[in-house]
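Throughout, read-outs are computed from the coordinates displayed, never taken from laboratory work. Keep in mind that this is a model prediction, so the values were computed, not measured. Note that we place each Cβ from the backbone using ideal geometry, even for glycine, and neighbour counts take in every protein chain shown.
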Amino acid sequence: MPNRYNLKNIRMFLTEGFSDSELRSFCFDHPEFEPVYHQLSESSGKSEIVRHLVEHAYGKELFDFLLAWAEEKNSSKYKKHQPYSTPDSSISNDDYKSDKRTNDNLIESVITSPAPLFDLGEFMGSGGAIKI
């Protein structure tokens with residue numbers, strides 16, 4: 001039975017438990033997360049780094065690896081933000097996401113607030129609005 005991951009708890013733990021520099025170093029030092037390192041710009045803030053880490057860990061099924069490293073480096077924060085996963089597929093809490101979701105659902109779950117509306121009317125005279 002696949003694990004279901006609590007993305008909110010994982011994001012909170014990584015955000016509170018590590019600095020930008022520590023998260024960047026983790027990506028650089030571990031070949032499994034090197035693609036994340038190359039996605040980051042100098043101006044990427046901690047929330048963007050965490051989002052990329054969570055997306056990558058989900059897509060490559062690396063949450064266990066990521067959480068094992070994080071627990072070793074900061075066990076007190078690790079304990080504070082548990083639970084991170086459960087094998088029980090009957091959980092209906094939206095904070096828990098199966099590790100077999102589609103990419104569209106992953107992106108939706110990682111973004112915690114709705115996208116701002118961009119008024120095309122300002123630029124194209126259409127008066128329409130789209131999500132960006």
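How many of the residues making up the range 1-35 are polar (S, T, N, Q) and touching a His at 6+ places or on another chain (Cβ under 7 Å)?
Restricting attention to the range 1-35, the residues satisfying the condition of being polar (S, T, N, Q) are 3, 6, 9, 15, 19, 21, 25.
Next cut, touching a His at 6+ places or on another chain (Cβ under 7 Å) only: 9.
So the answer is 1.
Considering only residues of the range 38-72 that are hydroxyl-bearing (Ser, Thr, Tyr) and surrounded by fewer than 20 Cβ atoms within 10 Å (Cβ to Cβ), which is nearest to residue 6 (Cα to Cα)? Working first, answer last.
Residues of the range 38-72 that are hydroxyl-bearing (Ser, Thr, Tyr), as a first pass: 41, 43-44, 47, 58.
Remaining after also requiring surrounded by fewer than 20 Cβ atoms within 10 Å (Cβ to Cβ): 41, 43-44, 47.
On the way: 41: 27, 43: 27, 44: 24, 47: 17 Å.
If we take residues in the range 38-72 being hydroxyl-bearing (Ser, Thr, Tyr) and surrounded by fewer than 20 Cβ atoms within 10 Å (Cβ to Cβ), then 47 is nearest to residue 6 (Cα to Cα).
Would you pick out the residues in the range 7-33 that are surrounded by fewer than 16 Cβ atoms within 10 Å (Cβ to Cβ), within 15 Å of residue 52 (Cβ to Cβ) and hydrophobic (A, V, I, L, M, F, W, C)?
Matches in the range 7-33: 28 only.
When residues of the range 53-89 are filtered for being closer than 20 Å to residue 21 by Cβ and in contact with a Pro (Cβ under 9 Å, 6 or more places away or on another chain), how many remain?
Number of matching residues: 1.
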